[in-house]
Structure formats: structure tokens, C-alpha cells
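Take a look at the structure set out below.
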Amino acid sequence: MAVSVDEVADAMYDLVAEYQGKKKFKASDLTKAMIEKFGGEVDKKFCKLAIRQLMDSGRCVYTYFGGSFIEVPHEEGAAGGS
Amino acid sequence: MADSQRSTPLLDELKEGPWPSFVTQIEEMADEGKESCGQLLELLERSYNEKIGHWKHGGIVGVMGYGGGVIGRYSDVQDEYPAIAHFHTIRVNQPQGWFYTSDSLRTICDIWDRHGSGLTNMHGSTGDIILLGTTTDELEPTFAELTQNDFDLGGSGSDMRTPSCCVGPARCEWACYDTLALTQELTMHWQDELHRPAFPYKFKIKNSGCANDCVASIARADLSIIGTWRDQIRIDQDEVRACAENGMNIERDICGNCPTKCIEWDGNEMTIDDSNCVKCMHCINAMPKALRPGTDTGACILLGAKAPIVEGAQLSSVIVPFMKIEEPYDELKDLIERIWDFWGEHGKNRERVGELMQRVGLGNFLEEIEVEPVPQMVAYPRDNPYVFYEEYYEEDDEEDDEE
């Protein structure tokens, strides 16, 4: 595949960052968006690697708000700063 | 806080009677100096008085790289109870069948004494070891110590939850397949699905060695893998006669309680019509020396159970009446991945796979996961005369054309 895992991870990060606070993405939402963006160059397994890269780098985190989402790390209001 | 300063009259009532009390346990930790446990009791007393819960769960806490295993819990009265402003739960992947050495249990408890409240649940309803109550700052150090001691976090959120199983062949003569080996393999094979939530909602797998279903998989797992057999129940006629001589009323208690009435007893010999046996285990449980499961064993695969969250409670439905459960389990893994693919593509947020199955209809669901419908899937006869199947339409049309 011509596109690299890093490039897909970057594209995922850009999407999540652009919509931070407006829309929450599940892993499957990002996968569908990347397949649409890169066409046949990526598949579900490739996107899974990109998500793993995104998480291990710390650029994104998983959150739970009734379901699991992928977001840019942020201070949670409920944490109360303590 | 010293116990003399704590006033919890409603909780005190829960310490009465002969049984162990969670209040006593939490008080012991509070008296050992865990301030969070003292405030936990005070907050619960307050909730009992106000009839309001003061907890919410979820949020952004976790450990680096993982999306499961930590459930954030916050109090909404943090200023008044600062020691439990955060009181997060950690789920730890349990060993298959819940076998521990006393040393490994001490290790977990020591880690939790250092980093958390010291309170645990053994075990949560999914099967994990539950470590109750710590702060965000302590999550990574706890995780590091757990992994140094060969423990890992379990599942939470929209992921594959930690698979669990009964004790299986390790301690039970009825196990129709090796529940421990299968659970270990599924856990290791799908580490990514366990730690990185990618599903519409949770997905639980529970493996029971026989229809006694000691892990209640038919009610509590999205995927229930329940041991069964497809040949004949093994009968030891001498032991059957011994049961009768010892006072067992075989006609009433065995034949009469068989759900399909497929057992006959003439006073000297027992016969079973195995073609009508539904493998419920009743007769085997009642006469464990005389009757045993057959030797051609495997499992029945069921899908779709869940507790009442978004919609009502649901038991799982048969999708494969019999499958051999043998290494490397490729047939089972392929089936599960086909289910995940369809669910991932079409499931709504927070829609369990059983709810999707109901929404699209069992027929359509089976077609998508490439499973042939069989009579064992029929829960009850058709009750709506206006439901037709395409095949019948086509046959009728062809007949009309011929006429």
C-alpha cells in the first residue's frame, strides 16, 4: 500500500482535532472516514494499526460517554482539577 | 477519619444479622487509615437519607494506549468529600476459571493497598477482578505494578469484554469442551479488541462446559458457548438400578421431569430416545453415577443475551446448534469475526448485537453472517399469517405460470 500507517494516523488525528467539542468519533467512524478518504489503499486492519499508533503516541485517548470514543486529550470538567 | 467521628446509623443496621456485611468491610479499611473508605461510608449514608446517588461514571481516565480496564468514577459533592472526589474502578483480567495461588492474591491485594482504597470485588459480573476506588494519579503506577506481576487490565466500554468461563475440565466431569483453553485462546487472540474499543457497544463472551451453564452465559453474554454433545447419553444400567434400589422414584423424578419425555424406565432398564433429547442435563444431574454426556462433544453457539440497559433483558438465541470446539478454533473465530463485521457496519451507537439481530430480523442477520437457518433457531411457531418468505413467493409464482 502506498499510504503509510503514520499518514493514516495523521489524517485520523486531523479529523478528531477539527471536530473536537463538536462531534465524537468512534473507532469505526474513523475507519469508515479513512476508507472513504484513501479508497482501496486502506482497509479495516490497516486502520486498526493507525488507531493503535495514534493511541500509543498519546495524541489521542479513548473516552467513555455512554460508549467509547476517540478524542484529543482534554481536561474533564468532572475531574474537579484535583 | 476515626470511626468515633463517623455517624452512620442507617448503614449500621446493615451490619446486623449473621452474614458478612460490606459495611463492616469498608469500616475495617477506614479504621486502618484509608480516608477514602471513611468518606465512602459517609457519602453512602447521605445517599440513603437523601435517596439520591452521588456518583457518575465514565469520562476520560485510562492508562496510556488502552481504552478499557478503567472506569472513571466521580462524586458530585467533591468539596465535601475530597478523598473520594475520584474513586475510579480498575478491572483486571482474571485467570481462566478463577484459579489463583494464594501468593498471587496477596500480590494483587498488596498492590491495591499501596495504590487504591484496598477494597475489591471478587469478581465483577463480567468475571474480572474489580479493584474499587483510586485516583487518576494512581492509575498508571497501579497498571505498571500489575503488569510487572503478569496481570493485565480487562475490558470496559465498547470493546470485547474479558472472556470468562466455568472451571471446565479442571474440576468438572461434565465439561463437553475445554473451556479454560478456549477462553485463554480467545483472550490472547483478540487482545486488540479487548484493549481498544472499536465496537458499537460492549461484547461479552462466556464459555460454559455444559448446559448447566455455571457462568450463566445464556443470560449474560452476547456470545454464549455452551458445551453439548450430539451422540447418545451414556447409561450405566447397574447404577440406574442402584438408584432405584436406594429409593429414587425414577418414573416420577427422572422420566416425569424430562422436558421432552424421551426417557423410559421399565423397572429394570432405562432407555433414552436421544433423537428427542434436548441435552438439558436434568437427568444427568439427578443420576450422576448412572448417566453421562455422550462422547461426541462440542458446543452450541448462541448469540444476543443482555441485561436490561437500553431495551429489556434478553436471552441468547441459537445460531449454531453444534460446533466442534477444538484447536485452533478457526471455525469459531471466523464466525465471531463475521458477526463483528456486520455489527460494526450496521450497529448503532450503544446497540448490542442482540438488539441489532432483533432490529434487522434473524433471517437477514443469519444471511449476512453466512449461517444457514435450522429448526433449532425457531423459538415459537409463526403467529403472523401475513409474513411470507421470498422462496414461497417464487414457488407460487412459478406454479401460477405453469397453470
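Read-outs: derived from the displayed coordinates by stated rules, not from any lab. Note that this is a predicted model, so its numbers are computed, not measured. Note that each Cβ is placed from the backbone with ideal geometry, even for glycine, and that neighbours are counted across all protein chains shown.
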For A:57-63, mean number of other protein chain Cβ atoms within 10 Å: 5
Highest-MSF residue in chain B out of B:LEU119, B:LEU223, B:LEU303 [GNM, Cα springs under 10 Å]: B:LEU119
Restricting the stretch B:167-263 to GluC sites (Glu not before Pro) in coil, as DSSP defines it, with at most 11 other Cβ within 10 Å: B:GLU173
Cleavage-rule hits, trypsin sites (Lys or Arg not before Pro), the stretch B:4-91, DSSP coil, Cβ neighbours within 10 Å at most 12: B:LYS51
Cα shape, the stretch B:10-118, gyration tensor, a/c 1.5 rule: oblate
Nearest-ten-degree value, helix B:139-148 long axis tilted from longest Cα axis of chain B: 60
Separation in nanometres of the label points that stand 7 Å from Cα toward Cβ, at B:ARG114 and B:GLU32: 1.5
FRET efficiency estimate (nearest 0.05) - Cβ-Cβ, B:SER21 to B:GLN376, R0 60 angstrom: 0.85
Cα-based helix-to-principal-axis angle, B:179-189 vs chain B, degrees rounded to 10: 70
Förster radius 22 Å - calculated FRET efficiency between B:ASN49 and B:SER125 (Cβ-Cβ, nearest 0.05): 0.20
Cα-projected label distance for B:SER7 with B:GLU337, points at 7 Å along beta-carbon direction, nm: 6.4
Inter-chain Cβ neighbour average for residues B:152-165, partner chain, 10 Å: 2
The protein assembly as shown: calculated mean residue ellipticity at 222 nm from DSSP helix runs of at least 4, using -39500 (n - 2.57): -10500 deg cm²/dmol
Overall form of chain B per C-alpha gyration tensor (a/c, 1.5; a/b vs b/c): prolate
Rounded FRET efficiency, nearest 0.05, which uses the C-beta distance separating B:ASP79 from A:PHE65 and R0 of 22 Å: 0.40
Prolate/oblate/rounded call for the protein assembly as shown, Cα gyration tensor, a/c under 1.5 rounded: oblate
Residue among B:ILE52, B:PHE22, B:LEU11 farthest towards the positive dipole end of the stretch B:1-53, charges placed on Cβ: B:ILE52
Leading residue at positive end of dipole, chain B (Cβ point charges), from B:GLN148, B:ALA170, B:GLY69: B:GLN148
Listed pairs B:LYS289/B:LYS324; A:LYS22/A:LYS45; A:LYS48/B:LYS333; B:LYS206/B:LYS333; A:LYS44/B:LYS348; A:LYS24/B:LYS333 exceeding 20 Å between Cα atoms: B:LYS289/B:LYS324; A:LYS22/A:LYS45; A:LYS24/B:LYS333
Test item: B:52-62 mean partner chain Cβ contacts at 10 Å: 4
Label-point separation in nm, A:GLU18 to B:GLU245, each point 7 Å along Cα→Cβ: 8.3
